[in-house]
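In what follows, a single structure is set out as structure tokens and then discussed.
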Amino acid sequence: MSNESNTVREVDPTRRLTGDSLALANRGEGRPRSGGTPPRVGSWARRGRPRLYTSYAADRAIFNTRYKRVWILILLLAATVLPFLATRNVTYLLATVFVFAISGIGLNLLTGYAGQISLGHAFFMGLGAYTAAVFAGSPGRVVWGLGLDLAIALPLAAIIPGVVGLLVAPIAIRVRGLYLAILTIGLLMLGEQLFKQWPEVSGGQGVGRGVAEFTLFGMDLSSSYRIGPLIMTEQVAMYLLAFILLALVALGAKNLARSRTGRAFAAVRDRDIAAEVMGVPLLRTKTLAFAVSSALAGLGGALLSMLIGRISPEQWNLFLSIDIIAIVVIGGAATISGAIIGAAFVVLVPKLLEAVAPLLPFISGPGGEGIVSVYQLQTILFGVLIVLFMALEPRGLFGLWIRVRNYFMAWPFKY
């Protein structure tokens, strides 16, 4: 009798189910599949529970919910259409945000994910800018210029700084913390003097040089083109180029952070000695972090130079490095989305302060009235925010967004 019961139980494992469980079983979505495979969860159940994962691959996916996929698609479409509807100044500002976000992602991989402090990011940005200017710029009486296509110059603007970062990394990784920050400042000062004393590349101190010609795949994008009812101007083309490169860089950085290499970065950041004991190669991991960060900085510097229109050695200084650090800290360390949010904050807030300056009596105007200037107020604001976020919210604005989102997801419950 016992054997017969076991046989019945094996043949019909759902005979004691009731309610929703019975309905699920009757729909064929709760029955065990052949070979002991777990039962499949139907699409109707996933619609009621959008965060229900049925595999590790689905849980680790970049866009692991339907809402993320929908919102990303909406944002991509809106960002593609926006330059054709916005003014020239707005298009320029948003393109600047994208360029700073690329450099911010590079520093975030090094500092936020790998835990290596660097204040020399501006050096690699300048190196990328001059690489693009030499390979894709016009030759002059003093400066070099090969006039190549941007399809060749932009990859070189990332590869050459990446190779330099690869060569510098073995020296930099011998120290850490404050000593590493001082070493990278020394690298920045050395690079600034190199640019000033190499006029064939930089044009010389106080003179500068032109940037890369805006020719991509043989098309002169500095001219205007009509695409159906839309007009592709130089500003729109630069916006779309920066946007496409940012999307590719963000997707690649997100995949890198999710990979075995990204987990090695996090292990080195949290405790490098313990990571080495567990088998993480410190030399290779830190070197790779420096190389990838330097390559992205060079790409961002090349695009930034094209936005500026003319570059000089004085532009690639410590203040630019601090702006990139502010992007990482204010936006959120160890988050790709945080780098984009921080770039928007660092680029757009100064413009907002300039707009409201006439309404605030304590901000000095052209006549010199007031207590502080717009630049001084911007510096104070960034400094205060860096201190507050480091002390109270290490994940920056992205962390605040996560808190707000989780609060409304749990509302009205308090747990």
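Restricting attention to region 54-72 and to residues that are part of a loop (DSSP other than H, G, I, E, B) and open to solvent by 70 Å² or more (accessible area, probe 1.4 Å), the residue that is modelled with the highest pLDDT turns out to be PHE63. Contact map, region 319-343: residues that are in contact (Cβ under 8 Å) with a residue 12 or more places away in the chain paired with residues that are charged (D, E, K, R), Cβ distance under 7 Å, separation 6+ or inter-chain. Pairs shown: GLY332/ARG395; ALA333/ARG395; THR335/ARG395; ILE336/LYS254; GLY338/ARG395.
Just to be sure before I move on: is MET238 aliphatic (A, V, I, L, M), more than 20 Å from the chain's Cα centre (by Cα) and over 17 Å from LEU107 (Cβ atoms) in the structure I sent? So MET238 fails the test.
Listed by first and then second residue, the pairs with beta-carbon distance under 9 Å, at least 6 apart or on different chains, first residue in region 272-291 and touching a residue at least 60 places away in the same chain (Cβ under 8 Å) and more than 26 Å from ILE159 (Cα to Cα), second basic (Lys, Arg) and outside any helix (DSSP H, G or I), are ASP272/ARG176. Restricting LEU400, LEU353, LEU348 to those that are part of a helix (DSSP H, G or I), out of contact with any Gly (no Cβ under 9 Å at 6 or more places or on another chain) and open to solvent by 60 Å² or more (accessible area, probe 1.4 Å) reduces the list to LEU348. In region 300-319 there is at least one residue that is closer than 19 Å to LEU119 by Cα, part of a loop (DSSP other than H, G, I, E, B), modelled with pLDDT under 95 and open to solvent by 10 Å² or more (accessible area, probe 1.4 Å). Looking at region 139-171 only, could you name the residues that are in contact with a Gly (Cβ under 6 Å, 6 or more places away or on another chain) and open to solvent by less than 60 Å² (accessible area, probe 1.4 Å)? Answer for region 139-171, where residues must be in contact with a Gly (Cβ under 6 Å, 6 or more places away or on another chain) and open to solvent by less than 60 Å² (accessible area, probe 1.4 Å): VAL143, GLY145, ALA157, ALA158, PRO161. Among the residues of region 251-278, the one identified as in a helix (DSSP H, G or I), hydrophobic (A, V, I, L, M, F, W, C), over 14 Å from ALA289 (Cβ atoms) and touching a helix residue (DSSP H, G or I) at 6+ places or on another chain (Cβ under 8 Å) is ALA274.
Residue-by-condition table, conditions (1) open to solvent by less than 30 Å² (accessible area, probe 1.4 Å); (2) at pLDDT 95 or above; (3) out of contact with any strand residue (DSSP E or B) (no Cβ under 7 Å at 6 or more places or on another chain); (4) among the small types (Gly, Ala, Ser):
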position: ALA212; (1), (2), (3), (4): yes, yes, yes, yes
position: GLY218; (1), (2), (3), (4): no, no, yes, yes
position: SER222; (1), (2), (3), (4): no, no, yes, yes
position: GLY228; (1), (2), (3), (4): no, no, yes, yes
position: THR233; (1), (2), (3), (4): no, no, yes, no
position: MET238; (1), (2), (3), (4): yes, yes, yes, no
position: ALA247; (1), (2), (3), (4): no, yes, yes, yes
position: ALA250; (1), (2), (3), (4): yes, yes, yes, yes
position: ALA253; (1), (2), (3), (4): yes, yes, yes, yes
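Within region 202-250, take every residue that is without any contact (Cβ under 8 Å) to a residue 60 or more places away in the chain and among the aliphatic types (A, V, I, L, M) and give me the one that is farthest from GLY128 (Cα to Cα). Result: ILE227.
The values are calculated or read from the model by the stated rules, or taken from the named source; none is laboratory data. Bear in mind that the values here come from a model prediction, so they are computed numbers and not experimental data. Using ideal geometry, Cβ is built from the backbone for each residue, glycine included, and neighbour counts are taken over all protein chains shown. Heavy atoms of the whole protein, side chains included, go into the accessibility calculation; ligands, DNA and RNA do not. Shrake-Rupley method; radii C 1.70, N 1.55, O 1.52, S 1.80 Å.
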